[in-house]
Amino acid sequence: MQEILSRKIKSVLVVSVILGGFFLLLEPWISIIVLIYAFIGCAVYGIPVSFLSDVVTKKAGPYRFVLASLIYSVFGFLPFPLLGEIGACAVVCSLLFFLLEEWQRARGNGRGQKPANKMLFVNALSTILLFSLAAWGAMSIPSSLFEEQTNELLLIPKGYEGEVRVVRNIKDAPPPEKSDGFDVYRINNKGYTLSPFPESEGIIHNQYYYVDTEGHREKIDESCINYGGTEGFGNGEYEYSSSYFFVTQTQCGDTFEENDYPLDMPRGISLDQIIEEEGLDKLTD
């Protein structure tokens, strides 16, 4: 057991040095960071995967290499939702770890014994295909699919332009209606609404509609929305929070959408004014 663990620690060290050295040639200033993260990842994640592979493939016979390749490639792919754009690096780490493990195993368990040419071809082909597929998946599948998303549908009075605000965590506010998995909020003519729920977290996946007095809806294009931000307010007894955004009919486009703050947009009623107007300043915990 001690010998096996020593072999795996050697694999961790060599993989870390290889990746650190590679980035030393590309971006010297981050090479130490890469080396540290590679070491931690291989030690905390790679070694347990390696032990799992040893157990699962113990009785796999001539196809042990192929099965081990499958295990390492799958576990190299799995962290990509957490790693985002660098998810493919985990696949590369897994590949290097796998090859080093197999090389050390071959040296210790069967010197002079080589698999038949057919199995060498199968082993090499399976490794190339499996790790290529894992790397492609890590780079191609958007990690946002696995992240939390806000799901709100906001109905804004037709013709309204300017700041829109949703005041959050108001315990006496009526719960929003539900529509196809979205919480439906109706914005009043002053540009705000109340919500009993706390601030939503995750990627903004909201929908925005203009609605007329007869209830007819018109979807608002994303280029007409500036996502704004969040704001808090406290009166010593109660903490209030709100999210706000800006909507326009006349200035739609990339400039409006990406501007940190559209200065020429009318400001809506402020959070503290909403608190006072709704009588929320009398709330206590």
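Quick notes on this structure:
- The numbered conditions (1) touching a helix residue (DSSP H, G or I) at 6+ places or on another chain (Cβ under 7 Å); (2) at negative phi; (3) modelled with pLDDT of 85 or more are all true for GLU257 except (3).
- Residue within the range 222-230 that is acidic (Asp, Glu), at pLDDT 80 or above and over 31 Å from the mean Cα position of the chain (by Cα) present: no
- Among the residues making up the range 123-153, those that are among the hydrophobic types (A, V, I, L, M, F, W, C), modelled with pLDDT of 85 or more and in a helix (DSSP H, G or I) are ALA124, LEU125, ILE128, LEU129, LEU130, PHE131, LEU133, ALA134, ALA135, TRP136.
- Within the range 198-205, not a single residue is surrounded by 15 or more Cβ atoms within 10 Å (Cβ to Cβ) and closer than 17 Å to ILE269 by Cα.
- Exactly one residue out of TYR37, TYR72 is surrounded by 12 or more Cβ atoms within 10 Å (Cβ to Cβ), of a type in the set (Ser, Thr, Tyr), in the same structural domain as LEU130 (by TED's automatic domain parsing) and within 16 Å of ALA135 (Cα to Cα), and it is TYR72.
- Of the residues making up the range 146-165, those that are out of contact with any Phe, Trp or Tyr (no Cβ under 6 Å at 6 or more places or on another chain) and more than 30 Å from PHE80 (Cα to Cα) are PRO157, GLY159, TYR160, GLU161, GLY162.
- Residue, nearest to VAL17 (Cα to Cα), within the range 32-84, restricted to residues that are outside any helix (DSSP H, G or I) and free of Cβ contacts under 8 Å to residues at least 24 places away in the same chain: LEU78
- Looking only at residues in the range 158-186 that are touching a Pro at 6+ places or on another chain (Cβ under 9 Å) and on the phi > 0 side of the Ramachandran plot, the one that is surrounded by the fewest Cβ atoms within 10 Å (Cβ to Cβ) is GLY162.
The values are calculated or read from the model by the stated rules, or taken from the named source; none is laboratory data. For clarity, every value in this text was computed on a predicted model and none was experimentally measured. No Cβ is skipped: glycine too gets one built from the backbone with ideal geometry, and neighbour counts run over all protein chains shown.
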